[in-house]
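Working notes for the structure below.
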Amino acid sequence: MIYPSWYPDCEHLAVDVGGSQVTAEIGATTGAVIVSPLANDAVWAGFVSVNQTNPNLIAFAGQFIGDSNYYNQDLNYVWVTNRSTTPPTVAPLDRQAPNGPAFLQKFQARAGWWSPDGEWFAFESNRICNDISGQTYAIFIQDANGARPAKQITDCAWNVQHPKWFPPGKDGRTLLIAAVQAGPDEPFRLATFDVTRFVGDLH
């Protein structure tokens, strides 16, 4: 089990389980699988994130299974499972992304995270980078409804990955923390990003 995300009750976790790119809900104290899969049989799913204001919404880096006979993280979009419906609704976060085959590089995305207020989603993508081999990423922010295009907030040259949101700041700023690599042979370091202006622009 890898890449855990807490449910707001702190009694459950959403995690990647097994080797077949499936996400599941587990008990935090027992590790027992409660719901699997959280997505469906049409997509491989990883890098799960639970919306803290609406835990029925579970985002993941997903790949439509028909696009490849193996999981390829560079063919991911951000997908969202809405477990308030029966059966759960599974669709890309970005409303313009294909809900099926025919991968489009302009929507490539993975390793995302909901903002604490549930209104924004930050993720890494190589969609606009010169190197799309998986070695160079930038961070993007998109509204939680996926109604508007995502905005790029870091340069590809920094290879910024795995963004996480700070809790709401008392000073009114909105901050992200992420892993940054200054060059191909450099170690990853953590950096903070003030994204107040970007979030304001997306309102």
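The values are calculated or read from the model by the stated rules, or taken from the named source; none is laboratory data. Here the structure is a predicted model, which is why all the values come from computation and not from measurement. FYI the Cβ positions are ideal-geometry reconstructions off the backbone, even for glycines, and counts take in every protein chain you see.
Among the residues making up the range 12-26, a single one is crowded, with 20+ Cβ neighbours inside 10 Å and either out of contact with any strand residue (DSSP E or B) (no Cβ under 9 Å at 6 or more places or on another chain) or in a loop (DSSP other than H, G, I, E, B) (or both): Gln21.
For the range 178-190, a tally of residues being of a type outside the set (Asp, Glu) and exposed (fewer than 14 other Cβ atoms within 10 Å of the Cβ) returns 6. Could you list, in sequence order, the residues of the range 27-48 that are closer than 21 Å to His162 by Cβ and either more than 19 Å from the chain's Cα centre (by Cα) or outside any strand (DSSP E or B) (or both)? Matches in the range 27-48: Leu38, Ala39.
Of all the residues in the range 146-165, those that are assigned to a loop (DSSP other than H, G, I, E, B) and free of Cβ contacts under 8 Å to residues at least 40 places away in the same chain number 4. Scan the range 53-82 residue by residue and report those that are at pLDDT below 95 and part of a loop (DSSP other than H, G, I, E, B). Residues satisfying the conditions are Ser68, Asn69, Tyr70, Tyr71, Asn72, Asn76. Can you name every residue in the range 119-144 that is assigned to a loop (DSSP other than H, G, I, E, B), in contact (Cβ under 8 Å) with a residue 24 or more places away in the chain and farther than 12 Å from Val78 by Cβ? Those that are assigned to a loop (DSSP other than H, G, I, E, B), in contact (Cβ under 8 Å) with a residue 24 or more places away in the chain and farther than 12 Å from Val78 by Cβ: Glu119, Asn126, Ile128, Cys129, Asn130, Asp131, Ile132, Ser133, Gly134, Gln135, Tyr137. Residues in the range 83-93 that are surrounded by fewer than 23 Cβ atoms within 10 Å (Cβ to Cβ), in contact (Cβ under 8 Å) with a residue 12 or more places away in the chain and in a loop (DSSP other than H, G, I, E, B): Arg83, Ser84, Pro87, Pro88.
Taking the range 181-196 as the range and being touching a residue at least 24 places away in the same chain (Cβ under 8 Å) and part of a strand (DSSP E or B) as the test, the residues that pass are Phe188, Ala191, Thr192, Phe193. You will find that of Gln105, Gln96, the residue that is surrounded by fewer than 20 Cβ atoms within 10 Å (Cβ to Cβ), more than 15 Å from the chain's Cα centre (by Cα) and under 15 Å from Phe140 (Cα atoms) is Gln105 and no other. Filtering the range 143-177 to residues that are modelled with pLDDT of 90 or more and closer than 18 Å to Ser5 by Cβ leaves Ala144, Gln161, His162, Pro163, Lys164, Trp165, Phe166, Leu176, Ile177. If you go through the range 1-11 and keep only what is more than 19 Å from Asn82 (Cβ to Cβ) and either in a loop (DSSP other than H, G, I, E, B) or polar (S, T, N, Q) (or both), you end up with Met1, Cys10, Glu11.
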